[in-house]
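Structure first, then comments.
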Amino acid sequence: MDTPPGDTMLTELRVFLTEAITLARAVAEADTAWNTPWAHSPAGTELATEEASRPEPETGSWPWQLAPMIARWALQVAAAEATGFSAAVDQDATSYSADVLCRGILETSSLAWWLLDPGIGAERRLARSLVYRLHSAGQTERAVSALELGLEDNPAEYGETVTSVQQEIRALGWTCSKSCTVSFGHDGDKESWPGYTERAASLVTKIWPQRKLPYAVLSAVAHGELLGLQRNLVPSPPGTPGLRVTPDQASALWLWQDTYLVLGALVFTTDRAAAFLGLREQLAALNVLTEQLDQRLPVLRPDMPLGRRSALQVLGPPPTGGRSASWPALR
């Protein structure tokens, strides 16, 4: 089947985005499943096991629920970012805005993906939430220091401090380091902050052949690096020297690639959250959407424009379709 015209392609991509955002919000807004997990769900089973192992008089679901709570926030933000991203998918626009939003979606959705990893168990899930909070508190302190507050001001008013998170970690009988590494349990297991690139790569590996490449290229746009600046630069009209920023044939491909990444990040992360919570209806809907994407996304991909092949090859080949290469079935 021939690739449809650019406007038709982008319209269909926006329809898929709307479906993915709707499903992400449905999972993120399932209050009962998040707050009081069902016993049959992985979340409920894990919570019950974690509470049973806690010595008296310590009872209740805190602090284990920190990880699902943060993951839920991340999924909500990713859905909101994807809504803005959809508006940037426009045939009359360059990909710069979409690039930056795509990068943000990879960051927020990969946070939920990392925290809801089904193979890590209650202790490591809690450790990951504390590692994240420790790193986040450090970033907050850096931002607050830029305010150059007076002695009478209390930095803690802007959010939790590194010291307060460290105290919470030690209250559990665990240890932590300045490098955002938490040692937990009786066997000295460790959980470390993975960094944004590695965290995004853990999700991107599900949908792209080069796991670290998309985030690196999108970051080049966000940071104003040469690789990013030249993404939508094209020669000026004859008689006019220099380059200009304008949509061209390659822009449609950049927008397709960004949308491919956003759909993959949103769908796979939402699926992981729905599976963790035992939301069977949403899982079934996600499976239907995934089958549609598996069939349509390769068809919608624009051809590589002549004259831009060298730049495209530097960025790596886009997925060409087929479940084994691009959209493995959701389990």
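Evaluating 6.51 cos²θ - 1.76 cosθ + 1.60 at θ = phi - 60° for every residue in the stretch 183-189, the Karplus couplings come out as 9, 9, x, 8, 9, x, 4 Hz, glycine and proline recorded as x. Around the Cα centre of the stretch 175-308, unit charges on the Cβ atoms of Lys, Arg, Asp and Glu (plus for the first two, minus for the last two) sum to a dipole of about 260 debye.
Taking 7 Å steps out from each Cα toward its Cβ at TYR158 and TYR196 produces label points 1.8 nm apart. Quick one: if the Förster radius is 35 Å, what FRET efficiency do LEU229 and MET69 give, using the C-beta to C-beta distance and rounding to 0.05? My answer for the efficiency is 0.35. From largest to smallest, the equivalent ellipsoid semi-axes obtained for the stretch 173-292 from the alpha-carbon gyration tensor read 39, 25, 8 Å.
Its Cα centre serving as origin, the stretch 94-230 has a Cβ charge dipole (Lys and Arg +1, Asp and Glu -1) of approximately 620 debye. For the stretch 81-121, which whole-number percentage of the solvent-accessible area (1.4 Å probe, protein heavy atoms only) is attributable to carbon and sulfur atoms? Solvent-exposed carbon and sulfur of the stretch 81-121 make up 52 percent of the total.
Over the stretch 224-311, the hull volume per residue, using the convex hull of the C-alpha atoms, is 119 Å³.
Against the criterion of solvent-accessible heavy-atom surface with a 1.4 angstrom probe, HIS135, HIS40 sort, most first, into HIS40, HIS135. The distance between label points at ALA52 and VAL15 comes to 4.9 nm (points 7 Å beyond Cα on the Cα→Cβ vector). Residues LEU229, LEU130, ordered by accessible area of protein heavy atoms at a 1.4 angstrom probe radius and largest first, appear as LEU229, LEU130.
Once the mean of 1/r is taken over each pair of separate Cα atoms and inverted, the stretch 78-123 shows a Kirkwood hydrodynamic radius of 11.9 Å. Ranked by the mean number of other Cβ atoms within 10 Å of their residues, highest first, the peptides 282-288, 249-255, 220-226 come out as 249-255, 282-288, 220-226.
Estimated at 0.36 nm per residue, the fully extended path between ASP189 and ARG244 surpasses their Cα-Cα distance by 14.5 nm. In loop segments of the stretch 7-53 as defined by DSSP, the GluC sites (Glu not before Pro) with at most 13 further C-beta atoms inside 10 Å of their C-beta are GLU29.
Close amide H pairs (under 5 Å, H built 1.01 Å from N) link THR175 with SER183, residues at least 5 positions away or on another chain. Let me check against my output: what whole-number percent is the relative contact order of the stretch 90-173, with C-alpha pairs under 8 Å and at least 6 apart? RCO, the stretch 90-173: 24 percent.
The values are calculated or read from the model by the stated rules, or taken from the named source; none is laboratory data. These numbers come from a predicted model, not from an experiment. All Cβ positions, glycine included, derive from the backbone under ideal geometry; neighbour counts span all protein chains shown. For accessibility, only protein heavy atoms count, side chains too; no ligands or nucleic acids. Shrake-Rupley method; radii C 1.70, N 1.55, O 1.52, S 1.80 Å.
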